[in-house]
Amino acid sequence: MIKVDGLTKAFTSEKGLFDLHFEVNKGEVFGYIGPNGAGKSTTIRHLMGFMKPDSGHSSIHGLDCWKNSAQIQKLAGYLPGEIVFLEGMTGLSFLTLIQQMRKQKETKRRDELIERFQLDVKTPIRKMSKGMKQKVGIIAAFMHEPEVLILDEPTSGLDPLMQRVFIDLILEEKMKNKTILMSSHSFHEIERTCDSAGIIKDGRLVAYEDMHSLRTVQRRVFEVKVRTDADIEKMVQSSLLTEVIGERTVHITVQGNDQEFIQLLSQCEVQHLDTRPQDLEDIFMHYYDRREVAK
Amino acid sequence: MSWPLYLSMMKSHAKMLGGFIYGAVAYIVLIIWIYPSIADMKGFNEMIAALPEGMRKLIGMENGINSLSDYIAGEFYGMLFLIILMVYVILTSTRLMARLVDQGSMAYLLATPNSRVKIASTQAAVLITGLACIVVFTTLSGIAASEWLISGYELDVRSFVKLNVLTFLIFSCVAAYCFLISSICNDEKKALGVSAGITLVFYMFNMAGKLSEKTEWLLNLSIFKLYDPIKMINNETDALLTGSILAVTTILLLAISIIVFKRRNLPL
């Protein structure tokens, strides 16, 4: 459904996109992960036809993204990463304008979404908080029930409750066989919804795999506090990567070998178990390293 | 053209447009209203005649005040109206394109099944409609004021309307090059600066060109050379020729703007 084929757009020799390849099949949810400035939004701008690639091309439903961008919009819904609306409008008048520009008369889905996200549509947009604007953007992207959804960091600005509402919405659309591409800088957000994911770094795709194999390379560090020194000894002796960081406290790195980790824990008297929040580079450090070695 | 966008844009520009119309209408009514007292003033023309020629040209009173038409053309069309329209055209053209691209709201408009050409044409239509509104209201109130507010002085309605049509066309042309700049720029401030800069240079050349014979050549570099209200209202210019040149230039410039906008990369 969405196809990116050798897409290259160099802003400078370091910044830009370089020979990007990936494909999202119909009914699939694709997570597009990368740190800030890696090229996620630039890729999406190409898909939306805002930018002309230097070489290569991208297509949606067989239509070229640069040449046929207006036709593509008929079947696509888009949520920009930066949310700025036209000035001097309320949420409702903005949504109405977009609907009219789409020549869409049905308002049932729109009202349903407004209800779901508990959005006060009468508020003038300039008085809205970031989260409220994000909701308006999400509704604008979903209300015409598009075949393809392109979402640039959809959950930024939403509170945890609304993030859950959003994730449910994505899962629902997935049931309806919609194709979705969403970008994020958080792996956890992608993990719950996506079938496959691509990791982009410095404009290059460093990983492009299904969710399962990504999970096996995902690194997690657990902080474990145990009761006795003997337990510590046991852990350090195990085949797992460990690091003693304090009195009877160890950091254990788990990467695909969850089973082994659980078995080890069952032999010890665990007092406290915690995971350390990590950024993307941390989680996929191994992945990045491996690629660099391969070069 | 996308009608919903057109209407919504007109609505959000209504306040600003209203302000400009109000300013122009109030001033033309005022100036017509005080005309009798100036026309009856003895020695006014002698006083004007005593001024240096360049100065007279500059304030639009080369031959003194001989008729209501001369007076309106020189005092209003030659000075204040020019400035009102310049400001309107520069501000609005920047707001309609560069600002939306700069802020990012253009992304939403382009995320609907309307092509860039359609969106840009709509914005151009909004710009020209606004300009037409100001000129039409000014024309109507000029005619009304000279008809009802003062008595004993005739305004030649035909030439007055012709003057207004030409004024509209001149500023359509200014609007068109400002729109082109606005369509090229990613940065709103830059678009505003460049279009204001170019227009001011044209205006200054026009002023300097009128001051003395030595600087007269500067006039040829300014679009305002084609805009001489007093000659226009006295039917001393070839209105049809000037009008057609301006109309064609406007259409060309707008077409170029739309094509440029269609082809360029947008940082949305």
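Coordinate-derived values only; no laboratory data. Bear in mind the structure is a predicted one, so any value in this text is a computation, not a measurement. As a convention, Cβ positions derive from the backbone with ideal geometry for all residues, glycine included, and neighbour counts pool all protein chains shown.
What to note about this one:
- Tensor-based shape of the range A:1-40 (alpha-carbon gyration tensor, a/c under 1.5 rounded, otherwise prolate or oblate): oblate
- Distance between the 7 Å Cα→Cβ label points at A:LYS225 and B:LEU252: 8.0 nm.
- Label reach from A:SER129 (point 7 Å along Cα→C-beta): in the range A:165-179, amide nitrogens under 17 Å belong to A:165-166.
- Charge dipole (debye, nearest 20) of the range A:1-149; +1 at Cβ of Lys and Arg, -1 at Cβ of Asp and Glu: 540
- What the Cα atoms of chain A give is an Rg and a Dmax of 22.3, 72 Å.
- The helix-based estimate of mean residue ellipticity at 222 nm for chain B, built from -39,500 (n - 2.57) per DSSP H run of four or more residues and divided by its residue count, is -24000 deg cm²/dmol to the nearest 500.
- Note on B:VAL201 and A:ASP159: the model spin-label points, each 7 Å out from Cα along the C-beta direction, lie 5.5 nm apart.
- Members of A:LYS3/B:LYS262; A:LYS108/A:LYS178; A:LYS74/A:LYS103; A:LYS3/A:LYS178 lying beyond 21 Å, as alpha-carbon distances in this model show: A:LYS3/B:LYS262
- Every Cα-Cα pair in the protein assembly as shown was counted, and those over 46 Å apart are 36% of them.
- Alpha-carbon centroids, the range B:131-166 and the range B:3-23: separation in whole Å: 23
- With Cα atoms, 0 to 90° folded angle of helix A:130-142 axis to chain A main axis: 60
- Averaged over the residues of A:83-89, the number of partner chain Cβ atoms lying within 10 Å of the residue Cβ comes to 6.
- A simple spin-label model places pseudo-atoms 7 Å from Cα toward Cβ; at A:LYS103 and B:ASN45 they are separated by 6.4 nm.
- Of all DSSP beta bridges confined to chain A, the antiparallel ones make up roughly 65%.
- Residues with amide H under 5 Å from that of B:ASP156, placed H, sequence gap 5 or more: B:SER69
- Mean separation of Cα contacts under 8 Å, 6 or more apart, over the residue count of the range A:147-247: relative contact order %: 20
- Calculated log₁₀ intensity ratio I(q)/I(0) where the Debye formula runs over C-alpha points of chain B, q = 0.14 Å⁻¹: -0.98
- Rel. contact order, % - alpha carbon contacts under 8 angstrom, at least six apart, chain A: 21
- Taking the centroid of alpha carbons for each part, the range A:1-69 and the range A:213-229 are 35 Å apart.
- At R0 = 51 Å, FRET efficiency that the Cβ-Cβ distance of B:LYS231 and A:ASP168 yields, to 0.05: 0.10
- Kirkwood hydrodynamic radius (C-alpha pairs) into Stokes-Einstein, the range B:1-125, 20 °C and 1.002 mPa s, D in µm²/s: 121
- Summarising the strand pairing of the protein assembly as shown, around 65 percent of its internal DSSP beta bridges are antiparallel.
- Helix A:258-267 axis, angle to chain A major axis (alpha carbon atoms, nearest 10°): 40
- Across every pair of non-identical alpha carbons in the range A:169-240, the mean reciprocal distance, once inverted, gives a Kirkwood radius of 15.5 Å.
- Residue-by-residue Karplus 3J(HN,Hα) for the range A:193-201, coefficients 6.51, -1.76, 1.60, Hz, glycine and proline x: 10, 8, 8, 9, 8, x, 10, 10, 9
- Cα convex hull volume per residue for the range B:44-194 (Å³): 129
- Pairwise centroid distance, computed over Cα atoms, of the range B:236-268 with the range A:165-201, Å: 46
- Diffusion coefficient (Stokes-Einstein, Kirkwood radius over C-alpha pairs, 20 °C, 1.002 mPa s) for the range A:220-277: 193 µm²/s, rounded to a whole number.
- Taking the longest Cα principal axis of chain B as reference, the axis of helix B:3-33 is set at about 10 degrees.
- Set of the range B:240-268 residues, backbone N closer than 14 Å to the point 7 Å along the Cα-Cβ line of A:ASP64: B:263
- Each stretch of four or more DSSP H residues adds -39500 (n - 2.57); spread over every residue of chain A, this sum gives -10500 deg cm²/dmol at 222 nm.
- For the pair A:ASP120 and A:GLN263, a Förster radius of 60 Å applied to the C-beta separation gives a FRET efficiency near 0.70, rounded to the nearest 0.05.
- Packing, as the average of other Cβ atoms within 10 Å across residues, places the peptides A:10-22, B:117-129, B:169-181, A:154-166 in the order B:169-181, B:117-129, A:154-166, A:10-22, highest first.
- Amide proton proximity set for A:GLN271, modelled H, under 5 Å, gap of 5+: A:LYS225, A:VAL226, A:ARG227
- Inverse of mean 1/r across different Cα pairs in the range A:141-185, Kirkwood, Å: 11.0
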